[in-house]
Amino acid sequence: AAAAAAAAPQTRLVFLGDSITEGWLRSGFSGTAPSIPQPVNEQLWHDAFGLWSPLNLAIGGDRVQDLGWRLQRGGLLARALRPTIFAVMVGTNDLGAGESWRVVADELVLVMEQLHAARPAATLLLQAILPRGGDAWLGGRSQRS
């Protein structure tokens with residue numbers, strides 16, 4: 001919440017998600033391990049998104065409901081934070097914990113509705129959920145099922 005408030009006026013692109021997104025800029029996720037500077041990643045980040053004044057608010061280990069809670073009650077959407085785009089990639093931790101893909105999909109719909117209600121002018125970019133491990137959660141079906 002503090003990062004959102006501090007960066008709010010110039011931020012045009014906000015990333016929300018789990019460790020996959022958080023890891024684009026640092027190796028130690030959410031303060032649970034010492035963060036190791038990632039100069040190559042930081043340069044790629046700057047080259048790809050620098051003109052957008054991006055803000056990475058992803059948190060390692062997050063599940064969809066964690067993100068939803070922060071949107072509702074955690075102060076994630078600072079009043080002054082009005083980006084042009086929200087990029088969201090979350091859900092793999094839910095699947096890894098055994099959550100049904102239908103439940104994850106329903107929760108993602110709620111998160112996207114929360115974002116739209118809070119910032120109707122922003123573009124919402126929902127990225128695909130990356131598969132986990134052996135994809136046992138698919139129950140023998142292909143991902144297209």
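Every number here is computed from the coordinates shown, using simple stated rules; none is lab data. Source: prediction; values computed, not measured. Cβ placement follows ideal geometry from the backbone for every residue including glycine, while neighbour counts extend to all protein chains displayed.
Couple of notes before you dig in:
- Charge context of residue 119, other residues only, Cβ under 15 angstrom, K/R +1, D/E -1: +3
- Computed on region 61-125, with alpha-carbon pairs under 8 angstrom and 6+ residues apart, the relative contact order is 48 percent.
- Of the peptides 10-21, 69-80, the order by per-residue mean of other Cβ atoms within 10 Å, starting with the highest, comes out as 10-21, 69-80.
- Taken one residue at a time, the phi angles of region 62-70 give Karplus couplings (6.51, -1.76, 1.60, θ = phi - 60°) of 5, 10, 4, 5, 5, 4, x, 5, 5 Hz. Gly and Pro are set to x.
- Computed FRET value (nearest 0.05) for residue 66 with residue 125, which takes r as the C-beta separation and R₀ as 25 Å: 0.80
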